[in-house]
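A.B. asks: Quick one: this structure, given as structure tokens, is what I'll be asking you about.
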Amino acid sequence: MALSPERMLRECVVEPPIEPDGDPETLADETLDLRPDNFQFKESSIATYAKSIPEKRAFPLPFATSYTAGKVAQALLDAIWMAGHFRLGDLTLKAEWKWTCKQLGDAAAFYHSVESTCNYLDALGVKIDKYSLCSGQPSVNFKAFTVAEEDAPEEEEVTLLRELPFRTANPRISRRRKASATFLPEKSDWLLFIPFDPCDFRLGGSALTQAVGVQAGTAPDISDADYFIDCYEVVRELVEDGVVKAGATVGDGGLMTCLRKLSAGGTGADVSIRNVCKAYGEDSQVRVLFSEVPGVVLQIADIDYDYVDAELILQDVVYFPLGHPVPGRSSVRLTEAVEIPQILESLLNTLEGED
């Protein structure tokens, strides 16, 4: 490979560490092919699958690229719910790898993990503050922080992501959440699902495949940084303005795990993903519910629906109404359909030529 992991990381950190003396050790390794697998997921088993998702999971070595990009996105999204005043360009990440290179494929997976981190962060315009590597079972962890505004560069050219409005003059972040981590008991509120990447829903490398012992498959291609930036900007403003009453990150375990966590406070939800399946041409609810495409689930007041709809459309951000909270029942129930909000219904039913 042209660059070592250390060289790639040096290009992504805010202040590169002192370059070590001597040449790095050379490792010979290769990416292992997956064995064929014809396992068929059943929609009748969705409830069973949801309960089988582990809280902690192993690093899926054959899917290092997709999994790592998803973990980067998840760390940035976990920060979106916090109080304070910041935008995506104000954040830096702390990256921690634990790894071992005892078996064939381990070193290749580590290389692809670092490469995925650097490529995705470079496209997002986000830097790493610190990174570390220690011995242990393969894992990667990211945590987001804010940084003070950097000094303006001496050269006349200023990259787009260094300019406002992508960054703020005095960013600040609190570890106190601005939006609730669980659903609030208001049955008229709306639950919205916003995927932060337009890639297809795929189960390769997911927590569900690990839970049922399936290794083969295709992973989500998490790579559209421009769309992630657009989504982050509008959702962060909605959170900061107090429009989002509750919300959570879609990450490990996918959409279903996110909904179950939001229901842990005693208020459940009736949701439908039929519109999501239709929009993506997806015939499997299992893939939509358990694929780990980064995104968010929001709870907003019914009175704010038109405003949120307008803000998302203005930014060309796709969202899906899922349904409503259900007070007094701490579970998620899938329904066949969700009612169309009045504003969308009026647009759909307007005759050609009418305002």
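A.B. asks: Quick one: in the stretch 302-355, which of the residues that are in contact with a Pro (Cβ under 6 Å, 6 or more places away or on another chain) and either surrounded by fewer than 17 Cβ atoms within 10 Å (Cβ to Cβ) or at pLDDT below 80 (or both) is nearest to Val276 (Cα to Cα)? Walk me through how you get there before you give the answer.
C.D. replies: Our first condition is that a residue be in contact with a Pro (Cβ under 6 Å, 6 or more places away or on another chain); within the stretch 302-355, this holds for 305, 327, 338.
Now restrict to residues that are either surrounded by fewer than 17 Cβ atoms within 10 Å (Cβ to Cβ) or at pLDDT below 80 (or both): 327, 338.
On the way: Pro327: 24, Val338: 11 Å.
Here the answer is Val338.
A.B. asks: Now for a separate question. Do we find a residue being closer than 21 Å to Val250 by Cβ and in a strand (DSSP E or B) anywhere in the stretch 85-94?
C.D. replies: For the stretch 85-94, residues closer than 21 Å to Val250 by Cβ and in a strand (DSSP E or B): present.
A.B. asks: Moving to a separate point now. If I go through the stretch 215-225 residue by residue, how many of them are in contact (Cβ under 8 Å) with a residue 60 or more places away in the chain and either outside any loop (DSSP other than H, G, I, E, B) or among the β-branched types (Val, Ile, Thr) (or both)?
C.D. replies: Residues that pass the stated criteria total 2.
Residue-by-condition table, conditions (1) touching a residue at least 12 places away in the same chain (Cβ under 8 Å); (2) buried (at least 17 other Cβ atoms within 10 Å of the Cβ); (3) more than 18 Å from the chain's Cα centre (by Cα):
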position	(1), (2), (3)
Ala50	yes, yes, yes
Ile53	yes, yes, no
Lys56	no, no, no
Leu61	yes, yes, yes
Ala64	yes, yes, no
Thr68	yes, yes, no
His85	yes, no, yes
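A.B. asks: Follow-up. Could you tell me whether the stretch 226-237 includes any residue that is closer than 25 Å to Thr68 by Cβ, in contact with a strand residue (DSSP E or B) (Cβ under 8 Å, 6 or more places away or on another chain) and at pLDDT 95 or above?
C.D. replies: Within the stretch 226-237 (the criterion being closer than 25 Å to Thr68 by Cβ, in contact with a strand residue (DSSP E or B) (Cβ under 8 Å, 6 or more places away or on another chain) and at pLDDT 95 or above), the answer is yes, since at least one residue qualifies.
A.B. asks: Looking at the stretch 278-293, can you tell me whether even one residue there is among the small types (Gly, Ala, Ser) and free of Cβ contacts under 8 Å to residues at least 40 places away in the same chain?
C.D. replies: Scanning the stretch 278-293, I find at least one residue that is among the small types (Gly, Ala, Ser) and free of Cβ contacts under 8 Å to residues at least 40 places away in the same chain, so the answer is yes.
A.B. asks: Here's a check for you: in the stretch 1-13, which residue that is part of a helix (DSSP H, G or I) and within 24 Å of the chain's Cα centre (by Cα) is nearest to Gln215 (Cα to Cα)?
C.D. replies: Pro5
A.B. asks: Could you give every pair whose Cβ atoms fall below 9 Å, whose first residue belongs to the stretch 14-36 and is part of a loop (DSSP other than H, G, I, E, B), and whose second residue is at pLDDT below 75 and not charged (D, E, K, R), counting only separations of at least 6 or pairs across chains?
C.D. replies: Close Cβ pairs satisfying both conditions: Val14/Val147; Leu34/Ala216; Arg35/Ala216; Pro36/Ala216.
A.B. asks: For the stretch 40-82, give me the residue count where each residue is closer than 18 Å to Lys261 by Cα and touching a helix residue (DSSP H, G or I) at 6+ places or on another chain (Cβ under 7 Å).
C.D. replies: Qualifying residue count for the region: 9.
Okay, residues lined up against (1) in contact with a Leu (Cβ under 6 Å, 6 or more places away or on another chain); (2) under 15 Å from Ile46 (Cα atoms):
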{"position": "Ile222", "(1), (2)": "no, no"}
{"position": "Ala225", "(1), (2)": "yes, no"}
{"position": "Gly251", "(1), (2)": "no, no"}
{"position": "Ala264", "(1), (2)": "no, no"}
{"position": "Gln285", "(1), (2)": "no, yes"}
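A.B. asks: Just a yes or no: is a residue in the stretch 194-215 over 21 Å from Ala64 (Cβ atoms), crowded, with 17+ Cβ neighbours inside 10 Å and modelled with pLDDT of 95 or more?
C.D. replies: yes
A.B. asks: Right, next: Which residues, counting only those in the stretch 268-293, are of a type outside the set (Val, Ile, Thr) and under 17 Å from Thr335 (Cβ atoms)? Talk me through it step by step, then tell me what you get.
C.D. replies: Kept after step one, since they are of a type outside the set (Val, Ile, Thr), are these residues of the stretch 268-293: 268-270, 272, 274-275, 277-285, 287, 289-292.
Answer for the stretch 268-293, where residues must be of a type outside the set (Val, Ile, Thr) and under 17 Å from Thr335 (Cβ atoms): Gly268, Ala269, Asp270, Ser272, Arg274, Asn275, Cys277, Lys278, Gln285, Leu289.
A.B. asks: Filter the stretch 272-321 down to the residues that are charged (D, E, K, R), more than 29 Å from Asp241 (Cβ to Cβ) and not in a helix (DSSP H, G or I) and list them by number.
C.D. replies: Listed by number, the residues that qualify are Glu282, Asp283.
A.B. asks: Right, here's the next one. Take the stretch 226-271 and flag every residue that is assigned to a strand (DSSP E or B) and either surrounded by fewer than 21 Cβ atoms within 10 Å (Cβ to Cβ) or more than 19 Å from the chain's Cα centre (by Cα) (or both).
C.D. replies: Lys245, Thr267, Gly268, Ala269, Asp270, Val271
A.B. asks: Looking at (1) under 18 Å from Leu121 (Cβ atoms); (2) surrounded by fewer than 14 Cβ atoms within 10 Å (Cβ to Cβ), can you tell me which one Arg35 breaks?
C.D. replies: Every listed condition holds for Arg35 apart from (1).
A.B. asks: Which one of Ala47, Ala69, Ala75 is in contact with a Lys or Arg (Cβ under 8 Å, 6 or more places away or on another chain) and in a helix (DSSP H, G or I)? Spell out the reasoning first.
C.D. replies: Values: Ala47 fails: in contact with a Lys or Arg (Cβ under 8 Å, 6 or more places away or on another chain); Ala69 fails: in contact with a Lys or Arg (Cβ under 8 Å, 6 or more places away or on another chain).
Result of the check over Ala47, Ala69, Ala75: Ala75.
A.B. asks: Suppose the filter is at pLDDT 95 or above, under 30 Å from Phe86 (Cβ atoms) and surrounded by fewer than 20 Cβ atoms within 10 Å (Cβ to Cβ); does Glu292 pass it? I'd like the intermediate steps shown before the answer.
C.D. replies: Details: at pLDDT 95 or above: yes; under 30 Å from Phe86 (Cβ atoms): yes; surrounded by fewer than 20 Cβ atoms within 10 Å (Cβ to Cβ): no.
Taking the combined requirement at face value, the residue does not satisfy it.
A.B. asks: Can you say whether Arg202 is among the basic types (Lys, Arg) and within 29 Å of Phe86 (Cβ to Cβ), as far as the supplied structure shows? Even if it seems obvious, please write down each step before you answer.
C.D. replies: Values: among the basic types (Lys, Arg): yes; within 29 Å of Phe86 (Cβ to Cβ): no.
Against the criterion (among the basic types (Lys, Arg) and within 29 Å of Phe86 (Cβ to Cβ)), Arg202 does not qualify.
The values are calculated or read from the model by the stated rules, or taken from the named source; none is laboratory data. These figures come from a predicted structure and were not determined experimentally. Every residue, glycine among them, receives a Cβ derived from its backbone with ideal geometry; neighbour counts consider all protein chains shown.
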